[in-house]
Amino acid sequence: MDNQPRKVRLINAYFKESIKFYDLDRPVVARVIFVLLLGVLFRGYLLARPFVLDLYTQYEQLFIRLQENMSLDSLNSVLFASGAYETIARSFMYVALIFLGIRVLTFFISLFYGSWYFFGLTNPQMSGAQRTSVFFARLPKIILFNLLFYAAIYVVVAVMVVATVYVPGLAVFTALLPMVILIVSTLYVFKDLLIIEFDVGPVRNFRKSLELTRNSRKYVLSNMMSLYALGWLLNLFSMDVENAALALFISAFLESMLKLITQRLSVLMFIDAASLERKDRVSNQDETLV
């Protein structure tokens, strides 16, 4: 680490490097990871599509039937006696499990890319086998921390939802939970890189992750929100495509790009926030002199 502390900069300082998702010190790794991401996303979306359509149809039919008769007896008849509740719950469970599987797989694949990119900048002499070994050695801690992290978020959401039932006035705060969760998740953007680089314990990582963004939270939030907005804009390209499979492919392709770009931005900000030294430029200069 450098003696002089540095702060995270605005996204324009990182954007040029971040968008080069294909640019690793070993380009074949970037290509393989991109294809893996694209395959998981596209196949997952194709698998989820019939269940999503079925769920939408069931909700639509239920809404129409309830509109015809809004009495309590009709609610019991339509929702429970007819088996509509079980059918909707089953379809929702299938959709939730598929999307959870997609998110988990793409998280690990994109994080492996991020760790490879990180070592390429800070320790370019490290071999591919060493980078892979470090990643999988740290993986149990990463998994444990993320389980604790998202379990904590789930508990907070559950408590707020239950509290809203008894105190309706809390509904205003409950409605803001998605934005609060997004902000909290963004402030913990370095949580996985901290474990990869410093082998921080899962419990200690809660404090260290926040400390690392303490002096630059405004820039971290601004930079990551810019990428979220970019992702939303990119998804608009697939909305007007009539062919469903093609629309899903375009969406998966753009999302794969964005996940890798997000990893690169996170790594670049992490290097500044942790005051780490980049050695890739030194290596490039040495190769040029030779």
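A short reminder: the numbers here are calculations on the coordinates, not readings from a lab. Not measured: the values here are computed from a predicted model. Positions of Cβ are generated from backbone atoms using ideal geometry, with glycine treated the same way; all protein chains shown enter the neighbour counts.
Give me 126, 257, 93 sorted ascending by neighbouring Cβ count inside 10 Å, so fewest comes first.
Exposure proxy ranking, most exposed first: 93, 126, 257.
What is the calculated FRET efficiency for residue 148 to residue 279, with r their C-beta to C-beta distance and R₀ = 45 Å, to the nearest 0.05?
0.85
Say each of residue 87 and residue 32 gets a label point 7 Å from the Cα, pointing the same way as Cα to Cβ; how far apart are those two points in nm?
Once both label points are built, they end up 4.7 nm from each other.
Region 11-285: Rg/Rh from Cα coordinates, Kirkwood Rh?
1.03
Say the cut-off is 24 Å between C-alpha atoms; which of 16/259; 20/208; 141/279; 191/259; 20/141; 7/141 go over it?
20/208; 141/279; 20/141; 7/141
How tilted is helix 84-122 with respect to the longest principal axis of the chain? Cα atoms for both, answer in degrees (0 to 90, nearest 10).
Long axis of 84-122 versus the principal axis of the chain: about 10 degrees.
Two-decimal Rg/Rh of region 167-290 from alpha-carbon positions, Kirkwood Rh?
Across region 167-290, the Cα-based Rg/Rh ratio is 1.10.
Within a 10 angstrom radius of the beta carbon, how do 54, 199 rank from fewest other beta carbons to most?
199, 54
Per 0.36 nm of contour for each residue apart, how much would the distance between residue 107 and residue 43 grow if the chain were fully extended, relative to their Cα-Cα spacing?
Once the chain is fully extended between residue 107 and residue 43, it gains 21.5 nm.
Taking 0.36 nm per residue of separation and subtracting the Cα-Cα distance, what length does fully extending residue 158 through residue 10 add?
49.8 nm
To the nearest 20 debye, what is the magnitude of the charge dipole of region 11-285 about its Cα centre, counting +1 on the Cβ of each Lys and Arg and -1 on the Cβ of each Asp and Glu?
Once rounded to the nearest 20, the dipole reads 1020 debye.
Of all the C-alpha pairs in region 110-221, what % are more than 16 Å from each other?
Here the tail beyond 16 Å accounts for 66 percent of pairs.
If you rank 17, 255, 277, 242 by fewest surrounding Cβ atoms within 10 Å, what's the result?
Final ranking by Cβ density, sparse to dense: 242, 277, 17, 255.
Report Rg(Cα)/(2.2 N^0.38 Å) for region 159-240, keeping two decimals.
1.43
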